[in-house]
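What follows is a short report on a single structure.
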Amino acid sequence: MKPPPFQYHDPKTLAEAVGLLGTLDNAKLLAGGQSLMPMLNMRFVLPDHVIDLNLVEGMAGIKETDGVLEIGAMTRQRELEFSDLVAAKCPLLHQALMHVGHRQTRNRGTIGGSLCHLDPAAELVTVCMAHDATIAVAGPGGTREIAFADFPAGYLTPAIELNEIVTAIRIPVWPAGHKAAFIEFSRRHGDFAIVSAAALLQIDGGRITRASLTIGGVAVAPVRATEVEQAIVGQAPTSELFAKVCESCRSFEAMADIHASAEYRQHLAVVLARRALEKAADLADNAPWNRAH
Amino acid sequence: MEMTDKRTITVSVNGTKHTKEVPVRITLADFIRYELGLTGTHLGCEHGVCGACTILLDGRSARSCLMLAVQADGHEVLTVEGIAPGPDALHPLQEAFRDNHGLQCGFCTPGMLTTLLEFLGDNPDPTEQEVRVAISGNLCRCTGYQGIVLAALDAAKRMKAGRA
Ligand SMILES: Cc1cc2nc3c(=O)[nH]c(=O)nc-3n(C[C@@H](O)[C@H](O)[C@H](O)COP(=O)(O)OP(=O)(O)OC[C@H]3O[C@@H](n4cnc5c(N)ncnc54)[C@H](O)[C@@H]3O)c2cc1C
Ligand code: FES
Ligand code: FES
């Protein structure tokens with residue numbers, strides 16, 4: 001259980017990192033190491049070169065400009081967890097972070113690393129899908145932006161080239177007063193979710209005026225429940241409405257693995273979708289199915 | 001490829017600076033155990049799951065099996081050996097573990113202590129539930145966690161009294 005031999009590089013600038021990644025064969029970027037180091041220790045990956053991003057200037061930080069939260073790829077999950085700006089502007093991200101691993105892993109793990117590792121059940125991936133985030137990448141040919149819907153290319157595979165580095169995540173912020181809820185089902189606290197649900201609602205004058213509902217862990221990448229989103233906009237939020245429309249989540253194509261069957265994941269998708277919407281709309285405590293009998 | 005790519009690093013461990021040439025692929029955990037001989041930092045899984053190898057890096061808890069030794073160059077590491085104020089004294093957190101049956105075999109203890117040392121700094125007055133979440137990344141095969149939770153809550157009181 002030791003990492004295989006490799007050569008180690010610790011560039012200080014993004015240009016240097018891009019240069020190394022573009023010229024070295026079989027190189028791997030190292031961010032927080034909370035997914036890559038286990039894979040090295042278990043020899044699931046055998047890179048000839050490891051390019052450590054931890055000393056690269058200017059790749060970490062959180063700021064808001066014109067309604068967009070811009071987060072450097074190397075920003076640690078801990079910084080996001082304790083950020084007042086994130087808690088105020090993007091409560092969904094704040095809630096989701098409390099489910100990401102443990103304090104020890106969040107102290108090292110980065111947002112960019114989590115998105116690039118792209119575990120189907122990773123909470124931060126679900127949040128980016130829910131918020132229609134944009135991913136900024138840099139490569140030898142310059143920089144480009146990728147809409148998050150196009151970011152997952154397959155299982156554990158982001159749609160970036162081998163010579164590209166994710167530099168920042170841009171999250172369009174919802175208006176003040178919007179409602180957010182992130183919930184998940186996992187076997188133990190701090191585990192990856194088996195299935196998770198992220199809900200964003202804007203409610204004006206007793207009616208839902210905007211909705212985003214995302215289910216993580218069911219397929220290789222989180223899916224937006226667009227049918228539910230469309231069905232609830234214009235309606236008054238009620239537990240009965242949510243229960244009725246969330247039934248459509250049972251038709252999601254679902255994976256099966258050692259943790260859960262496809263049918264069970266579909267069942268969780270239906271239940272967690274409804275609960276996330278109820279929680280976002282402050283209905284959870286009074287939902288008929290949650291009242292004491 | 002050169003099999004033994006090496007680098008010279010300087011790491012402060014428990015207040016003492018160590019300068020050593022190390023293979024770039026060795027983990028911080030192996031550096032602490034084999035290069036420095038500080039075997040209090042335990043290795044249970046070497047892939048980030050058990051928490052036994054937890055150390056503090058610049059005051060922040062981290063799994064030393066998931067860091068390269070070269071990444072600690074220029075940083076400060078605290079291991080379980082550095083928690084007590086002196087050779088004949090225990091830290092209040094350690095006293096609380098002793099008095100509340102917070103350990104049996106002791107394998108998980110170094111990771112529990114370093115984890116809780118940071119946690120009680122972040123949250124000096126935690127609830128039982130918060131303590132349980134704080135140690136959720138540390139596995140213990142012996143105690144059933146009850147004694148550890150009691151020890152952490154007791155330690156919070158002792159540390160507060162110590163500051164007053
Ligand atoms: C015990 C434990 C529990 C965990 N629980 C959870 C959990 O509940 N939920 C969860 O989501 N995660 C969980 N994780 C994983 C999470 O902690 C990691 O932070 C995350 O998956 C990877 O982020 P990282 O910064 O550590 O990246 P690394 O491990 O350093 O890298 C991950 C991958 O992304 C690539 N990469 C990293 N940065 C970039 C970049 N800027 N551009 C291009 N490629 C890049 C790397 O080359 C590598 O392939 C857990 C980990 C552990 C050890
Ligand atoms: S040995 Fe590091 S977490 Fe288990
Ligand atoms: S005391 Fe034995 S593992 Fe915790």
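The values are calculated or read from the model by the stated rules, or taken from the named source; none is laboratory data. Because the structure is predicted, anything quoted here is derived from the model rather than measured. Glycine gets a Cβ as well: all are built from the backbone with ideal geometry, and neighbour counts include every protein chain shown. For the accessible areas, the whole protein counts, side chains as well, though only heavy atoms, and no ligand, DNA or RNA atoms are used. Shrake-Rupley method; radii C 1.70, N 1.55, O 1.52, S 1.80 Å.
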Discussion item. Could you check the stretch A:39-50 and list, in sequence order, the residues that are in contact with an Asp or Glu (Cβ under 8 Å, 6 or more places away or on another chain) and either of a type outside the set (Asp, Glu) or under 25 Å from B:Cys50 (Cβ atoms) (or both)?
Written reply: A:Asn41, A:His49
Worksheet entry | Filter result (open to solvent by less than 10 Å² (accessible area, probe 1.4 Å), over 13 Å from A:Ala73 (Cα atoms) and within 13 Å of chain B (Cβ to nearest Cβ)) within the stretch A:98-122 | A:Gln104
Worksheet item: Do the conditions hold for A:Glu164, that is, is it more than 14 Å from every other protein chain (Cβ to nearest Cβ), of a type in the set (Asp, Glu) and surrounded by 19 or more Cβ atoms within 10 Å (Cβ to Cβ)?
Response: yes
Fill in: Residues being touching a Lys or Arg at 6+ places or on another chain (Cβ under 7 Å) and more than 19 Å from A:Ala31 (Cβ to Cβ) - total across the stretch A:46-105
3
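Would you check if B:Cys108 is within 16 Å of ligand 3 (Cβ to nearest atom), assigned by TED's automatic domain parsing to the domain that holds B:Asp30 and crowded, with 20+ Cβ neighbours inside 10 Å? First the steps, then the outcome.
Working: within 16 Å of ligand 3 (Cβ to nearest atom): yes; assigned by TED's automatic domain parsing to the domain that holds B:Asp30: no; crowded, with 20+ Cβ neighbours inside 10 Å: yes.
So B:Cys108 fails the test.
Does B:Pro92 meet the test of being under 22 Å from B:Arg163 (Cβ atoms), more than 10 Å from chain A (Cβ to nearest Cβ) and open to solvent by 60 Å² or more (accessible area, probe 1.4 Å)?
Details: under 22 Å from B:Arg163 (Cβ atoms): yes; more than 10 Å from chain A (Cβ to nearest Cβ): yes; open to solvent by 60 Å² or more (accessible area, probe 1.4 Å): no.
Answer is no for this residue.
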Worksheet item: Which one of these does A:Val50 not meet: (1) assigned to a strand (DSSP E or B); (2) open to solvent by less than 70 Å² (accessible area, probe 1.4 Å); (3) under 30 Å from A:Pro175 (Cα atoms)?
Response: (3)
Discussion item. Testing A:Arg78 on (1) closer than 19 Å to B:Ala134 by Cβ; (2) more than 16 Å from ligand 2 (Cβ to nearest atom); (3) more than 9 Å from chain B (Cβ to nearest Cβ), one condition comes back false. Which one is that?
Written reply: (3)
Practice prompt. Looking only at the stretch B:18-30, count how many residues are touching a strand residue (DSSP E or B) at 6+ places or on another chain (Cβ under 6 Å) and under 20 Å from B:Asp58 (Cα atoms).
Written response: 2
Worksheet item: Looking at this structure, is A:Thr126 crowded, with 22+ Cβ neighbours inside 10 Å and either in contact (Cβ under 8 Å) with a residue 24 or more places away in the chain or in a strand (DSSP E or B) (or both)?
Response: yes
Worksheet item: Quick check: anything in the stretch B:137-144 within 14 Å of another protein chain (Cβ to nearest Cβ), open to solvent by 70 Å² or more (accessible area, probe 1.4 Å) and closer than 27 Å to A:Asp191 by Cα?
Response: yes
Worksheet item: Of the numbered conditions (1) in contact with a helix residue (DSSP H, G or I) (Cβ under 6 Å, 6 or more places away or on another chain); (2) in contact (Cβ under 8 Å) with a residue 24 or more places away in the chain; (3) of a type outside the set (Asp, Glu), A:Phe148 satisfies every one except a single condition; which is it?
Response: (2)
